[in-house]
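The structure appears right after this line, and notes come after that.
The values are calculated or read from the model by the stated rules, or taken from the named source; none is laboratory data. These numbers come from a predicted model, not from an experiment. Cβ: placed from backbone, ideal geometry, glycine included. Neighbour counts: every protein chain shown.
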Amino acid sequence: MLVIGIESSAHTFGAGIVDDGKILASEKEMFKIGTTGMIPAEVAEFHVNNAADVISRALERAGIGYRDIEGIGYTRGPGLGPCLQVGCLSAKTLAKKLNVKIVPVNHGVGHIEVTRISAGLKDPIALYVSGGNSQILKISDKPFRHYRVLGETFDIGVGNMLDSFARELKLTPSWGSTVEKSALGGKYIEMPYSVKGMDFSFTGLLTKATSLIPEKKEDLCFSLQEAAFSMLAETAERAILLTNSQELCVCGGVAQNTRLKEMLGLMAKEHGVRFGFVEGALNADNGAMIAMVAERMLRNGFSVPVNECRTEQRYRVDRARVF
Amino acid sequence: MMIGEGAEARIYLERMFGTEVIVKLRGRKAYRIREMDETMRRRRTRKEAGIMLAAAKAGVPVPEIIAVGTFSMYMEKLDGTLLKDTRITARHMASAGSALALLHSSNMVHGDYTPANIMSTKQGIRIIDFGLADTTMDVEQKAVDLLLMKRAVSRTTYASFESAYAKNSRNAGDVLRQLAELERRGRYQTRTMMG
């Protein structure tokens with residue numbers, strides 16, 4: 001089934017095309033964030049200006065025309081309201097025009113599922129780490145099949161923490177990866193470590209690291225990363241042991257970080273657990289992950305009337321049914 | 001002989017001075033850098049032992065600590081069954097409730113107060129695994145201890161737990177109010193079948 005997925009929950013407008021679980025195209029346009037962070041209305045305007053172009057590029061890349069589309073998925077949430085609405089409206093317009101079925105997709109489910117499926121995993125502990133989210137999840141069948149949140153951040157996402165710190169250091173975008181590069185050769189300065197069972201928090205760490213500027217940039221970046229990622233590895237390890245899981249995967253924007261993957265790999269190896277992730281761009285926000293989930297939903301006969309398609313800023317991952 | 005494994009530590013059954021003892025060892029984690037790893041393991045071991053000693057002093061039934069090393073703790077071996085592996089009686093729950101009240105009254109929280117961490121022995125119940133315990137006056141953290149138990153057992157058994165807790169605790173009112181609040185904003189409260 002040829003499905004197009006549209007993603008616009010934050011700074012990326014993405015359109016992806018999937019056929020039979022295979023990704024045929026994943027095109028995107030990213031809003032360049034200045035020193036002020038993201039102003040939702042500005043980002044939404046950016047999406048409005050790019051939507052049509054990104055969608056046609058995706059079709060071109062997949063070598064198909066509008067009339068070949070058999071189904072549509074869009075990101076219902078979570079995300080920034082005005083941004084989500086641009087994607088939702090684009091998807092609804094396409095659905096009406098082409099007279100095909102449409103489904104709303106949870107953004108987090110998109111990230112996890114594209115990784116789980118591409119890495120060939122069945123029932124992993126999923127560590128979902130991005131700017132806005134940091135959670136540890138596992139599929140549960142009660143009361144319906146969904147990703148149950150085993151642990152999560154009490155405050156901000158780990159990516160947000162890395163970005164905020166990079167801005168304090170006046171590093172250049174894209175901040176998270178700049179922190180990673182700056183951390184090379186750094187020495188460890190003690191940082192707060194905040195874990196409670198399978199939950200964790202990052203603001204204390206951010207405050208402490210910020211208060212230590214102007215210590216050496218390498219040392220601060222190194223210590224910040226080591227502390228934050230150790231917290232994630234420890235809680236993921238606890239989740240694996242508690243649920244007796246044989247598989248682990250990491251997804252979301254921060255999953256692009258090499259050091260995080262190295263730590264998780266070491267931890268997984270110690271327990272003989274299979275560790276999966278996807279390369280590069282599929283970890284960042286993209287339309288292909290939305291298309292992939294949408295195709296599975298549509299194939300299972302799930303769809304929503306166009307007029308009932310909405311967005312929801314706080315659409316929690318554990319409320320989304322998974323197929 | 002290893003008899004259990006958690007994210008932080010491994011549990012061994014060993015012989016010492018001719019008797020069986022339980023050893024909780026916080027081993028090295030390959031994923032953590034050495035300086036951080038050693039500090040954390042040392043601090044956590046010391047903290048856990050400290051809380052267990054303080055809990056024992058407050059009258060909470062805990063296994064006796066025989067010795068504390070840098071990264072390890074030697075404890076008395078208990079003969080009994082974990083509540084999660086046995087039929088939980090109202091009596092078990094009443095003891096668990098008053099034990100928690102004693103712990104909270106001395107401003108400590110357990111952090112993982114479930115039937116998996118309470119053992120029924122001939123001499124009564126024993127509370128084990130203080131790995132997530134903390135010293136705090138925070139009403140919310142105390143309420144979390146009750147919430148975990150409430151989620152893990154049946155409604156009727158929980159009732160005997162809560163009433164024993166209320167009878168023996170100094171500020172049960174505040175804690176129970178906070179518990180209601182926690183449940184109201186609970187993580188898994190509302191779910192729809194939306195995509």
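Would you confirm whether any residue within segment B:102-119 is outside any helix (DSSP H, G or I), more than 14 Å from chain A (Cβ to nearest Cβ), touching a Gly at 6+ places or on another chain (Cβ under 7 Å) and under 28 Å from B:Ile11 (Cα atoms)?
Scanning segment B:102-119 turns up at least one residue that is outside any helix (DSSP H, G or I), more than 14 Å from chain A (Cβ to nearest Cβ), touching a Gly at 6+ places or on another chain (Cβ under 7 Å) and under 28 Å from B:Ile11 (Cα atoms).
Can you name the residue in segment B:1-59 that is among the hydrophobic types (A, V, I, L, M, F, W, C) and in a loop (DSSP other than H, G, I, E, B) and is also farthest from the other protein chains (Cβ to nearest Cβ) among such residues?
Among those residues, the one meeting the criterion is B:Phe17.
Are there any pairs, at least 6 apart or on different chains, whose C-beta atoms fall under 6 Å, with the first in segment B:32-61 and closer than 16 Å to B:Ile128 by Cβ and the second part of a loop (DSSP other than H, G, I, E, B) and of a type in the set (Lys, Arg), and if so, which?
B:Thr45/B:Arg26
What pairs come up if the first residue lies in segment B:85-103 and is under 11 Å from B:Glu162 (Cα atoms), the second is modelled with pLDDT of 95 or more and part of a loop (DSSP other than H, G, I, E, B), and their beta carbons are under 6 Å apart, counting only those six or more places apart or on different chains?
Partner pairs satisfying both residue conditions: none exist.
Is it the case that A:Thr75 is assigned by TED's automatic domain parsing to the domain that holds A:Lys22 and in a helix (DSSP H, G or I)?
Judged against the criteria, A:Thr75 is not a match.
Only helices (runs of 4 or more DSSP H) wholly contained in segment A:191-292 count here; list those with 3 or more residues that are of a type in the set (S, T, N, Q) and either outside the structural domain of A:Val86 (by TED's automatic domain parsing) or touching a strand residue (DSSP E or B) at 6+ places or on another chain (Cβ under 7 Å) (or both).
A:203-211, A:217-243
For segment A:111-128, name all the residues that are in a loop (DSSP other than H, G, I, E, B) and among the charged types (D, E, K, R).
A:Lys122, A:Asp123
Run down A:Gly272, A:Gly301 and say which single residue is surrounded by fewer than 24 Cβ atoms within 10 Å (Cβ to Cβ) and closer than 30 Å to B:Glu5 by Cα.
Just one listed residue meets the conditions, A:Gly272.
In this structure, does A:Val86 turn out to be modelled with pLDDT of 95 or more, β-branched (Val, Ile, Thr) and over 20 Å from A:Glu29 (Cα atoms)?
Judged against the criteria, A:Val86 is not a match.
Can you name every one of the helices (runs of 4 or more DSSP H) wholly within segment B:130-195 that holds 2 or more residues which are under 20 Å from B:Asn117 (Cα atoms) and modelled with pLDDT under 90?
Helices (runs of 4 or more DSSP H) meeting the threshold: B:139-152.
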